[in-house]
1. Would you mind working out the magnitude of the charge dipole of the protein assembly as shown relative to its Cα centre, with +1 at each Lys and Arg C-beta and -1 at each Asp and Glu C-beta, to the nearest 20 Debye?
2. Order the following by accessible area, largest value first: B:Thr191, B:Thr174, B:Thr230. Probe radius 1.4 Å; ligands, DNA and RNA are ignored.
3. When only alpha-carbon atoms count, how far does the protein assembly as shown stretch along each of its three principal axes, as whole angstroms with the largest first?
4. Kindly sort B:His269, A:His218 by accessible area of their heavy atoms, largest first, with the probe set to 1.4 Å.
5. Going down the list A:Lys221/B:Lys169; A:Lys162/B:Lys27; A:Lys68/B:Lys83; A:Lys68/A:Lys104; A:Lys162/B:Lys267; A:Lys221/B:Lys83, which pairs span over 27 Å between their C-alpha atoms?
6. Kindly work out what percent of the DSSP beta bridges joining two residues of chain A are antiparallel, to the nearest 5.
7. Could you work out how far the C-alpha centroid of segment B:185-199 sits from that of segment A:168-207, in angstrom?
8. Give the ranking of B:Lys115, A:Lys162, B:Lys83 by solvent-accessible surface, highest area first, calculated with a 1.4 Å probe.
Amino acid sequence: MLEIRNLSQYYGEFCALKDISFDLGENEILGIIGQNGAGKTTLINSITGLGGRPSGTVRLDGTDILGKRPDTIARLGVARTFQNLRIFRGMTVREHLLVAQNRKLSPGRKLLPNFRNTEDAGVDALLEFFDILRFRDDDAEGLSYGDRRRVEMARALAGSPKLLILDEPGAGMNEQESEVLASQIREIRERFHTAIILIEHDMSIIRACCERIIVLDHGQKIAEGSFEQIAADREVQRAYLGEEDA
Amino acid sequence: MNVYYTGLFVTFLINVLCALSVYVILKSGQISVGNAGFMAVGGYVAGILSTVYGLGIPASVAAGSAAAALCGAVVGIPALRLKGTYLVIGTISFTAMIRSIAQVLDITGGAMGLKGMKRIGILWIVIFAVLVIALLFLFEKTRYGLDVEAVAADSEAAAAAGVRVILIKVLSFTLGAAIAGIAGGCYAHWTQYIEPSDFSTSVSTMMVLPVILGGRNRIAGAVLGAAVFTILPELLRFASVWRMVIYGVLVIAIVIVKPDGLISGRKRHA
């Protein structure tokens, strides 16, 4: 469904991404790992249209999306979360989901004023799924760090994306929360029929979720394969453990 | 009602329209210190239509508003690339440009100003103000209203959630300009005389202050702010030459005590 060929991103002389190519199948969970600064977030910013002038090809179900505006890409079915939380200040949890849902509504429906708190099974089901239903009408900004992460994931899913990109969803979570998160990510795929790209430092989450993993180092793809293949890769070991045993 | 109170009431209504024109733009996370320019467009177009072309006053005001809206869209597009201070400078420049145009054209009366407008009935001004408030109230209850708030909160995150950020931002500028245009048309037909200096940058600034003071998150805040800015100078008349000093101190005090405005907190979406 996603086809990436020779994706590069330069900031002046600095090469943040170099000739990245990979494919993503329907319903696949792909992990992207690498040290800080390896280009993971740059890669998904390029895919989602945020920042820089990337070159190469990015196709979503055959449609070229590279260089399109972020809202256009989102409306084509790519949703994401942010490594540094991007909560809508002052808005309730429920309103976060309504905003994302808007892309599915017709302009006429969007112009209809709404005065009553209409029940929305879709919103409630998502909140229930992430165990934040009790915060539905609370200000999202006031929630704990972990809960705000869950709001972001619920917001991303509220637009019924074909592709969900999660940028370090496990950051700041403890071991137990990470375990729950890993099972949730696998469940998201089953329930919402979406392909997932997962950026994560927590290897237990990567191992539990991803059929395939891509390793980035200094903006380049240095390895691709299953967790076991990656773990055995000398190039990866060198990037992660240092030069001495190379 | 005697002439004094009638005049004060009309000033209040026009101030409400001015404040709302700024409010709508602020609500989308943008700022305009150029709304006097949109007001000028509305005032001149309405004035010329009613005097030169003999169009009825309400229709002239509506047409002036449409012309201002068009300018709002035209300004709103380059404004997309500007943020914060740069947007302030950009919108101020727009007002200066409109003033210069009004100054050199024959049809606007140049520096001599535009005169000969018949006086608009107060009822029409009331109708325009109520209509604008009602439509804004309804708009904020729609999903577009929710989009506007998301864009103001975090435009990148809103875009990533599929909100058409450019549409929302330009729409807000267009809407704000349309409202300023109505204010201009009403003003031109109330004072029956307008000149370029009626639409100075200080007028633009005075359109922003009531919104900051009254509360930028709520329509009621802008209306209350407009009321305060209409009545306060009158209440301070006893202070004669010290009037503006006391006025300034009071405004600063309110902003310090209530930084989010007199009416703070936003309404939630149902």
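The values are calculated or read from the model by the stated rules, or taken from the named source; none is laboratory data. Small disclaimer: the values here were computed from a predicted structure and weren't measured. Methodologically, a virtual Cβ is constructed for each residue, glycine included, from the backbone with ideal geometry; neighbour enumeration extends over all protein chains shown. In case anyone asks, the SASA skips ligands and DNA or RNA and just uses the protein heavy atoms, side chains included. Shrake-Rupley method; radii C 1.70, N 1.55, O 1.52, S 1.80 Å.
1. Working: 51 positive and 49 negative charges, 530 e Å.
Value, rounded to 20: 2540 debye.
2. Working: B:Thr191 60, B:Thr174 35, B:Thr230 10 Å².
Solvent-accessible surface, decreasing: B:Thr191, B:Thr174, B:Thr230.
3. Sorted from largest, the Cα extents of the protein assembly as shown read 90, 47, 45 Å.
4. Numbers: B:His269 25, A:His218 145 Å².
So, going from the largest accessible area down, we get A:His218, B:His269.
5. Numbers: A:Lys221/B:Lys169 38 Å; A:Lys162/B:Lys27 32 Å; A:Lys68/B:Lys83 22 Å; A:Lys68/A:Lys104 19 Å; A:Lys162/B:Lys267 33 Å; A:Lys221/B:Lys83 36 Å.
As for pairs spanning more than 27 Å Cα to Cα, those are A:Lys221/B:Lys169; A:Lys162/B:Lys27; A:Lys162/B:Lys267; A:Lys221/B:Lys83.
6. Working: 20 of 37 bridges.
Taking every DSSP beta bridge within chain A, about 55 percent pair in antiparallel fashion.
7. Value for the Cα centre distance between the two parts: 63 Å.
8. Values: B:Lys115 120, A:Lys162 85, B:Lys83 145 Å².
Descending order: B:Lys83, B:Lys115, A:Lys162.
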